[in-house]
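Reviewing the structure listed below.
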Amino acid sequence: MAIVKYIDNIPAFSTKNEAVTWGRVNLGITGSHIHYDNGNKIYMPGTTHEAVLKAQRDLFLKLRKNNTL
């Protein structure tokens with residue numbers, strides 16, 4: 001997978017498929033949303049930016065609760 005950059009500590013990819021796959025495997029979320037980087041379309045996991053931030057936060061809290069951090 002080609003990570004183009006990170007936005008809010010979440011990877012953005014050059015293809016929609018990469019973003020969807022990363023989101024499903026790492027955060028258990030579906031879909032993707034678009035950002036632009038120097039005029040180029042890039043893709044992030046989750047249907048909205050808020051959705052991926054929430055999934056990331058929920059995963060962190062779950063890992064902390066289970067003492068697996």
| (i) 1.01; (ii) 0.92; (iii) 1.09: which one is Rg/Rh (Cα atoms, Kirkwood Rh) as calculated from this entry? | (i)
| field | Cα gyration tensor shape of region 1-41, rounded if a/c is under 1.5, else prolate or oblate by comparing a/b with b/c | value | prolate
| message | In whole Hz and in residue order, list the ³J(HN,Hα) couplings for region 14-24 that follow from phi through the Karplus curve 6.51 cos²θ - 1.76 cosθ + 1.60, θ = phi - 60°; x for Gly and Pro. | response | 7, 10, 4, 4, 4, 5, 4, 4, 4, x, 5
| Rounded accessible area per residue of the chain, 1.4 Å, Å² | 67 Å²
| Pairs 16/65; 41/62; 5/54: which are spaced more than 21 Å apart, C-alpha to C-alpha? | 16/65; 41/62
| Average Cα contact separation per residue, the chain, under 8 Å, 6 or more apart, as relative contact order % | 25 percent
| remark: A 1.4 Å probe over the protein heavy atoms gives region 8-54 a carbon and sulfur accessible-area percentage of 48 percent
| Test item: Cα-centred dipole of the chain, Lys/Arg +1 and Asp/Glu -1 on Cβ, debye | 240 debye
| request: Identify, among 13, 45, 60, the residue whose Cα sits farthest towards the positive end of the charge dipole of the chain, taking +1 on the Cβ of Lys and Arg and -1 on the Cβ of Asp and Glu, with the dipole about the Cα centre. | output: 60
| request: Specify the inter-centroid distance of region 42-62 and region 18-33, based on alpha-carbon positions, in whole Å. | output: 9 Å
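The values are calculated or read from the model by the stated rules, or taken from the named source; none is laboratory data. All values reported here derive from a predicted model rather than from experimental measurement. Note that we place each Cβ from the backbone using ideal geometry, even for glycine, and neighbour counts take in every protein chain shown. Accessible surface is based on the protein model in full, side chains and every heavy atom, while ligands, DNA and RNA are left aside. Shrake-Rupley method; radii C 1.70, N 1.55, O 1.52, S 1.80 Å.
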